[in-house]
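Engineer: Dropping a structure here in structure tokens format, bear with me for questions.
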Amino acid sequence: MPKNMKKGKVTMIITVTIVCFALALVMSMQFKIVNETDITSIENMREAELRTELANWKSKYEDTNQKYEEVAKKIEEYKQNKQSNEKTEDLFDDELSQVNLLLGKTDVQGEGIEVTLRETDNEEIARINADDLLVIVNALKMSGAEAISINDQRIMNMTDIVDINGSFIKINSQRILAPYIIKAIGNQSYLESALVGNGGHVDEMKKIGQDVSINKSNKVKILKYENNINIKYME
């Protein structure tokens, strides 16, 4: 047998022997450690560690839960405040809408009548004047008209209806010309009855030849009052 092969075999045997001896030594040391270790102490230590860890997690949970409850409370307060503000805002908007309706600052539409007054070519027939319009407007107010306009000029309590030099009529400081279209929203029967029959002004105007007509409509549209409302004396 060659010397090199014999030498290699001896080296391998020595190496295996050393490895086995090392493994036996490690196993012997492990058995010794196990025999000398107090198992109860280990269990007690682990139980204490688990209790400590559990206490830590419990504390973290309580802190997190407290923060959650605080945030939830703030969110609920925000929702309540928001709902309260929305209700207040809605109530305010409703009241503002009602005020604007009463003040004539909103376009309105509803059932009512339209009275049209036209000038005639007959010079013997008296021209339509501011007094005619005033009488008709007052009659409509008395019969419960909720909104009135003449040639789209909204009639307010402070509205002026005046003749200017016998040539034209001014309403709300605006010049208007014939034909005069008076719109009124309200009960159609009441409004019409206030102008015709039993000495109604429209009947009187027709008797002297003036051209006046009345039409009923379920969609009478009256535009808002465009001017500013200035209060000088009321407090």
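The values are calculated or read from the model by the stated rules, or taken from the named source; none is laboratory data. Predicted, not measured: the structure shown is a model, and the values here were computed from it. Because the Cβ atoms are built from the backbone with ideal geometry, glycine has one as well, and the counts that use them run over all protein chains shown.
Engineer: Would you check if there is a residue in the range 143-166 being among the basic types (Lys, Arg), surrounded by fewer than 18 Cβ atoms within 10 Å (Cβ to Cβ) and modelled with pLDDT of 95 or more?
Structural biologist: Checked against the condition, which is being among the basic types (Lys, Arg), surrounded by fewer than 18 Cβ atoms within 10 Å (Cβ to Cβ) and modelled with pLDDT of 95 or more, the range 143-166 yields no hits at all.
Engineer: Step by step: first the residues of the range 187-197, then only those that are touching a residue at least 40 places away in the same chain (Cβ under 8 Å) and in a loop (DSSP other than H, G, I, E, B), then the one that is farthest from LEU134 (Cα to Cα). Which residue is that?
Structural biologist: ASN187
Engineer: Kindly indicate whether SER97 is farther than 26 Å from LYS206 by Cβ, over 33 Å from the mean Cα position of the chain (by Cα) and not aliphatic (A, V, I, L, M).
Structural biologist: no
Engineer: Follow-up. Evaluate the range 203-214: report whether one residue or more is more than 19 Å from THR120 (Cα to Cα), surrounded by 15 or more Cβ atoms within 10 Å (Cβ to Cβ) and at pLDDT 95 or above.
Structural biologist: no
Engineer: Within the range 118-159, can you find the residues that are closer than 14 Å to LEU195 by Cβ and not β-branched (Val, Ile, Thr)?
Structural biologist: ASP132, LEU133, LEU134, ASN138, ALA139, LEU140, LYS141, MET142, SER143, GLY144, ALA145
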